[in-house]
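Worksheet: the structure to be examined is printed underneath.
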Amino acid sequence: MASIVCARGLTKRYAGVTALDGVDLDLPAGRVGLVGANGAGKTTLFRLLLGLSRPDAGTVEVCGMAVSDDPAGVRSRIGYMPEHDCLPLDQSAADVVATFGELGGLPVRAARQRASEVLDLVGLDEARFRPVGGFSTGMRQRTKLAQAIVADPRLVLLDEPTAGLDPSGREEMLTLVDRLGSFGIAVVLATHLLDDVARVCDHVVMLDAGRLVTDAPTTSLLHQTGAVTVDVGPTGAVALAAALVARGLDVTTSDVGTIEVTVPGETELDIVRDVVADLGLPLHKLTNRLTSLDDVFAREAPPR
Amino acid sequence: MSDPGRAGAVYDRGYRPYDGPLGGRPAARFALYRTSLRRAVGLRRPWRQKVAPAVLLAIAVIPAVINVGIGYVTRDTPAEGFEFITYREYVGVSSALLLFVALVGPDIVCPDRRQRVLPLIFARPLTGADYVLAKVGAIFTCVFAFSFLPQVVLFVGQMLVSDGALDYLGRHAAVLWQVPLAAAALALFYAVLGVAAASLTGRRMVAAATLLGITLVTSSVAGIIVETGSGGGAGHPAALLDLLSLPLQVRDLVFLGRLHEDSSLSGVTGGGAMAAACYLAVVAAGLAVMLHRYRSVEA
């Protein structure tokens, strides 16, 4: 798959701080998760991709164009959704999105038409003529996403798109992000919520203190751990855990009513099945437990 | 009843890629100019935002209407030819123009900084210079229009009430270039000062007070120095400090080719050239301030 972003030796320093330190990247044109703690260099990387800041060393290409050669040209191919509030509060969502469509180079009529389309797409069709100032956080996030894609960019940079959203709003936003890939729009999703990345991204980039620690497909990072997660409901979990321990298995209970059982082989897995059946418990879920991105991040970027 | 906090579910209506023409930086710059101009004159905004430009235009046209009315009433009388206001005086005669810039300049600039819209704008194919050009251009267009349109009313009205329209046109042909040039000089000066003051803060009231304060304080200080330095007689170079009258000195240079005898620079050697140089220096300084303010924006 062709790279949508290609960086070599990318370095950016601010007074006394190295925000990015010789980063090499080859991001495929899919959904890429950019993961890192606060200060890891995510926003600096976005600034460099947008051509709003010049690297102290190294080069970066976006959509096959060198950012240093034509930053404005590169920006015409990128959509950007900042983390913070950034919308004109006294304008309607339709006006805001149409305006940013025009600023992205769309003719007036096309901008208004596409604003209507993308607001439909993000679920704001009925609210598009209301002032943004009266919107909830979720609606503002969706408006921000709409303005990012209105000019049909090849790449969209999303900075913490689920920040401040309730669980259902977060799920809707992740669904939208997931769908962007099917529209042919490459996505770089910056977040510190590893679950979001595991949920929608095909590729993961981890930054830690300006250093690249991981740049790999998501699936290659999530391995089987030799444990299974069993969900028999919170009331049955205690009895099941006790019975499995009595049969000599290593059991860990979680605070959400599931238990994790180490199963080195098929024999132990059969024991789990039989104990659940013997106790007459409802088996809601029995899955192999994979390593989480949290595990990967903790291993690759241990706390200092 | 629907929940007002939610706009509804996300439906799968698909996505249609855009395959039409896509403008680059010039199109983005013009779009920003158009958006700013629309905002300045209150289009697509609540009626309250339309009041200021409408009132300004009404105020600006009143002298023209009075002048034409006098011309009509006094035609074929000994008082014929009386001028309530001249074309030269009409450029910049109304302080409502400055008040308009103090209100509207911050309104199209400050919210971008205060509401943190700038990172979104600069994530488009635009530079700081494009932003400055678009914002100054929008205010320039408003002020120029509000200066020029009343002059058109005055000219056409006077021509119609005169004995011979063609004769009037011939006698006043010079104003056809003097008025737009002088109005443009005034509009550029006000637009640069207004946007520069607004670029310094995210608060509209502070920006408006800054602009009015700068112009009124420099005018008062210059007036005191001129009065004490010249002994109430001839002009004084300190009049160059007066930002309120500086564009009017340039206006006089356009209309008369020299400073007016009532000017507080009148009698100062090279006063006209100094006024023109100061005008250019103030405009250049204002542009430099703006370019510096929008040189770098946080993403």
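The values are calculated or read from the model by the stated rules, or taken from the named source; none is laboratory data. Computed from a predicted structure; not experimentally measured. Because the Cβ atoms are built from the backbone with ideal geometry, glycine has one as well, and the counts that use them run over all protein chains shown.
Rundown of residues vs (1) under 24 Å from B:TYR90 (Cα atoms); (2) part of a helix (DSSP H, G or I); (3) among the acidic types (Asp, Glu), yes/no style:
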{"position": "B:TYR168", "(1), (2), (3)": "yes, yes, no"}
{"position": "B:ALA173", "(1), (2), (3)": "yes, no, no"}
{"position": "B:VAL179", "(1), (2), (3)": "yes, yes, no"}
{"position": "B:ALA191", "(1), (2), (3)": "yes, yes, no"}
{"position": "B:ALA196", "(1), (2), (3)": "no, yes, no"}
{"position": "B:ALA207", "(1), (2), (3)": "no, yes, no"}
{"position": "B:LEU212", "(1), (2), (3)": "yes, yes, no"}
{"position": "B:SER219", "(1), (2), (3)": "yes, yes, no"}
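Of everything in segment A:20-39, what is surrounded by fewer than 24 Cβ atoms within 10 Å (Cβ to Cβ) and assigned to a loop (DSSP other than H, G, I, E, B)? Give them in sequence order.
A:ALA29, A:GLY30, A:ALA37, A:ASN38, A:GLY39
Of the residues A:GLY104, A:GLY123, only one is buried (at least 22 other Cβ atoms within 10 Å of the Cβ) and at positive phi; which?
Only one candidate qualifies: A:GLY123.
Just to verify a result, which residue in segment A:65-97, among those that are without any contact (Cβ under 8 Å) to a residue 24 or more places away in the chain and in a loop (DSSP other than H, G, I, E, B), is surrounded by the most Cβ atoms within 10 Å (Cβ to Cβ)?
The selected residue is A:VAL67.
Run B:VAL175 past the list (1) more than 20 Å from B:LEU291 (Cβ to Cβ); (2) surrounded by 24 or more Cβ atoms within 10 Å (Cβ to Cβ) and report the number of the one that doesn't hold.
Only one criterion in (1) more than 20 Å from B:LEU291 (Cβ to Cβ); (2) surrounded by 24 or more Cβ atoms within 10 Å (Cβ to Cβ) is unmet by B:VAL175, namely (2).
Identify, by number, the condition in (1) charged (D, E, K, R); (2) free of Cβ contacts under 8 Å to residues at least 60 places away in the same chain; (3) not in a helix (DSSP H, G or I) that B:ARG75 doesn't meet.
(2)
I'm trying to understand the selection: among the residues of segment A:122-157, which are free of Cβ contacts under 8 Å to residues at least 40 places away in the same chain and within 16 Å of A:GLY184 (Cβ to Cβ)?
A:ASP152
Which one of these is within 14 Å of chain B (Cβ to nearest Cβ) and among the hydroxyl-bearing types (Ser, Thr, Tyr): A:THR44, A:THR59?
Working: A:THR59 fails: within 14 Å of chain B (Cβ to nearest Cβ).
Unique residue meeting the criteria: A:THR44.
Suppose we filter B:VAL283, B:VAL268, B:VAL254, B:VAL250 for residues that are more than 24 Å from the chain's Cα centre (by Cα) and either crowded, with 18+ Cβ neighbours inside 10 Å or on the phi > 0 side of the Ramachandran plot (or both); which single one remains?
None of the other options fit; the residue is B:VAL268.
Table: residues versus (1) among the hydrophobic types (A, V, I, L, M, F, W, C); (2) closer than 30 Å to B:PHE122 by Cβ; (3) in contact (Cβ under 8 Å) with a residue 60 or more places away in the chain.
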site: B:ALA222; (1), (2), (3): yes, no, no
site: B:THR228; (1), (2), (3): no, no, no
site: B:ALA239; (1), (2), (3): yes, no, no
site: B:PHE255; (1), (2), (3): yes, no, yes
site: B:LEU259; (1), (2), (3): yes, no, no
site: B:LEU265; (1), (2), (3): yes, no, no
site: B:ALA277; (1), (2), (3): yes, no, no
site: B:MET290; (1), (2), (3): yes, yes, yes
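Output the number of the condition that B:TYR87 fails; it satisfies all remaining conditions of (1) within 14 Å of another protein chain (Cβ to nearest Cβ); (2) at negative phi.
All conditions are met except number (1).
Please name all residue pairs, on different chains or six or more residues apart, with Cβ atoms under 8 Å, provided the first residue is in segment A:270-283 and is assigned to a loop (DSSP other than H, G, I, E, B) and the second residue is among the hydrophobic types (A, V, I, L, M, F, W, C) and surrounded by 13 or more Cβ atoms within 10 Å (Cβ to Cβ).
Note: pairs meeting the criteria are A:LEU281/A:VAL232; A:LEU281/A:ALA239; A:LEU281/A:LEU240; A:PRO282/A:VAL232; A:LEU283/A:VAL230; A:LEU283/A:VAL232; A:LEU283/A:VAL276.
Of all the residues that make up segment A:68-97, how many are among the charged types (D, E, K, R), touching a strand residue (DSSP E or B) at 6+ places or on another chain (Cβ under 7 Å) and more than 8 Å from chain B (Cβ to nearest Cβ)?
Residues that pass the stated criteria total 2.
Would you mind listing the strands (runs of 3 or more DSSP E) fully within segment A:98-213 where at least 1 residues are closer than 30 Å to A:ASP294 by Cα and more than 13 Å from every other protein chain (Cβ to nearest Cβ)?
Qualifying strands (runs of 3 or more DSSP E): A:186-191, A:203-208.
Using the structure shown, decide if A:GLY226 is farther than 30 Å from A:PRO28 by Cα, among the small types (Gly, Ala, Ser) and surrounded by fewer than 17 Cβ atoms within 10 Å (Cβ to Cβ). Please lay out each step first, then the result.
Numbers: farther than 30 Å from A:PRO28 by Cα: yes; among the small types (Gly, Ala, Ser): yes; surrounded by fewer than 17 Cβ atoms within 10 Å (Cβ to Cβ): yes.
Taking the combined requirement at face value, the residue satisfies it.
Of the residues that make up segment A:43-55, is at least one surrounded by fewer than 17 Cβ atoms within 10 Å (Cβ to Cβ), within 25 Å of the chain's Cα centre (by Cα) and in the same structural domain as A:VAL17 (by TED's automatic domain parsing)? Step through it out loud before you land on a result.
Filtering segment A:43-55 down to residues surrounded by fewer than 17 Cβ atoms within 10 Å (Cβ to Cβ) leaves A:54.
After this cut, where a residue has to be within 25 Å of the chain's Cα centre (by Cα) as well, the list is none.
Within segment A:43-55, not a single residue is surrounded by fewer than 17 Cβ atoms within 10 Å (Cβ to Cβ), within 25 Å of the chain's Cα centre (by Cα) and in the same structural domain as A:VAL17 (by TED's automatic domain parsing).
Given the residues B:VAL65, B:VAL93, which is the only one that is surrounded by fewer than 19 Cβ atoms within 10 Å (Cβ to Cβ) and either in a helix (DSSP H, G or I) or touching a residue at least 40 places away in the same chain (Cβ under 8 Å) (or both)?
One residue alone meets the criteria, B:VAL65.
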